[in-house]
Amino acid sequence: MEITITKSDFEQALPVGTSANEEVYESVTSAISRYLAFYNDDLLGVAGMTHLEGKGNDSQLLSWYKQLVCLSAFISVLRQLDLVLTPTGFGVVRNDNIAPASKQRVDALESQLRTQYYKVLAMTLNLLRCDTWGATSQARRYIGHLYDEYTYFFDTHKGSSSTDWLAYKQQIEDAEEMLRTKMGDRQMDDILDAFRRNDPNRLEPYREMMSLIVKFTDTWATKSLGTLKQPVYRRLMRILDSDDNKETFKLYRESIAYKANNYEPYQNSKDSAGYVFNG
């Protein structure tokens with residue numbers, strides 16, 4: 001599938017880049033070509049491209065993907081352009097009689113664009129999730145946690161900025177690391193794999209656990225280790241340890257984490273091989 005990005009695509013993805021002439025678009029075309037080639041390989045890969053082709057030329061996925069390329073390209077060259085504020089957005093300064101936009105305006109524009117970039121990335125990744133792409137290295141690289149960009153921007157932290165998101169990512173990583181010590185890497189990786197593949201049969205038994213992982217993470221962001229004393233953690237562990245869920249969380253049952261969570265102290269009884277007689 002050959003993907004082309006026109007001036008119309010650029011303007012729809014980036015309204016601030018519209019202009020009465022094509023100078024803004026032409027100033028970004030080289031960057032668009034570079035980012036299109038980059039994302040075709042780094043994000044889509046063969047499986048992602050096949051999935052994209054299967055959705056058709058009018059698909060939401062293709063639309064969001066083009067927006068992702070356009071935003072990435074424009075952000076990459078933003079500081080190199082002499083921009084001027086116009087009634088239709090931003091244009092390129094064409095003569096010495098027009099002053100470029102102020103640094104404050106460009107800073108505000110860049111902040112807005114970076115926030116939009118993460119929202120567009122969130123939508124693109126959410127639509128890419130499928131059995132084939134979800135099994136690839138691309139999927140593992142772009143969806144490293146259950147608490148992803150889509151969850152953050154469209155569920156738990158609507159209205160947040162890219163700066164907020166980048167700061168929050170450390171909380172997500174720390175919370176997941178703690179949960180991995182409680183349920184084991186193999187169990188967490190299996191939930192993640194089901195999520196990336198968007199497999200309804202595998203996801204359904206995990207729905208409640210996935211919701212609790214998100215709530216655990218949000219609590220961790222404010223209480224850190226104190227989260228282990230909160231109801232969300234106790235509920236999460238009850239679900240993991242329940243005999244009713246032993247097949248769902250079989251990988252947890254086979255882990256060192258399970259043994260640590262369900263450790264039974266030694267009982268000094270006459271039937272024990274190490275029995276100690278105290279007289």
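The values are calculated or read from the model by the stated rules, or taken from the named source; none is laboratory data. The structure presented is a predicted model; accordingly, all values stated were derived computationally and were not measured. Cβ placement follows ideal geometry from the backbone for every residue including glycine, while neighbour counts extend to all protein chains displayed. Protein only, heavy atoms only, side chains kept; ligands, DNA and RNA dropped before computing areas. Shrake-Rupley method; radii C 1.70, N 1.55, O 1.52, S 1.80 Å.
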Handout entry: region 53-82 - residue that is surrounded by 20 or more Cβ atoms within 10 Å (Cβ to Cβ) and among the small types (Gly, Ala, Ser) and, of those, nearest to residue 123 (Cα to Cα)
Key = 72
Practice task
Tell me which of these residue 124 doesn't satisfy, since it passes every other one: (1) part of a helix (DSSP H, G or I); (2) modelled with pLDDT under 95.
Solution key: (2)
Completion exercise
Across region 178-216, the tally of residues that are in contact (Cβ under 8 Å) with a residue 24 or more places away in the chain and within 16 Å of the chain's Cα centre (by Cα) stands at 10
Practice task
Please go through region 178-200 and pick out each residue that is within 18 Å of residue 127 (Cα to Cα), open to solvent by 40 Å² or more (accessible area, probe 1.4 Å) and in a helix (DSSP H, G or I).
Solution key: 197, 200
Exercise for the section: State yes or no: is residue 207 open to solvent by 50 Å² or more (accessible area, probe 1.4 Å) and not small (Gly, Ala, Ser)? Expected result: yes
Handout entry: Extreme residue, nearest to residue 195 (Cα to Cα), among residues of region 127-165 that are among the small types (Gly, Ala, Ser) and in a helix (DSSP H, G or I)
Key = 134
Completion exercise
Taking first residues from region 1-21 that are more than 14 Å from residue 72 (Cβ to Cβ) and surrounded by fewer than 19 Cβ atoms within 10 Å (Cβ to Cβ) and second residues anywhere that are modelled with pLDDT of 80 or more and among the hydroxyl-bearing types (Ser, Thr, Tyr), the pairs with Cβ under 7 Å that are 6 or more apart or on different chains are 7/25
Practice task
Scan region 225-279 residue by residue and report those that are open to solvent by less than 40 Å² (accessible area, probe 1.4 Å), modelled with pLDDT of 95 or more and assigned to a loop (DSSP other than H, G, I, E, B).
Solution key: 242, 249, 255
Practice task
Kindly check whether there is at least one residue in region 163-177 that is over 10 Å from the mean Cα position of the chain (by Cα), surrounded by fewer than 15 Cβ atoms within 10 Å (Cβ to Cβ), touching a residue at least 24 places away in the same chain (Cβ under 8 Å) and more than 29 Å from residue 255 (Cα to Cα).
Solution key: yes
Exercise for the section: Six or more apart or on different chains, Cβ under 8 Å: which pairs go from a residue in region 239-262 that's without any contact (Cβ under 8 Å) to a residue 60 or more places away in the chain and more than 13 Å from residue 191 (Cβ to Cβ) to one that's open to solvent by 40 Å² or more (accessible area, probe 1.4 Å) and of a type in the set (S, T, N, Q)? Could you list them? Expected result: 241/261; 241/262
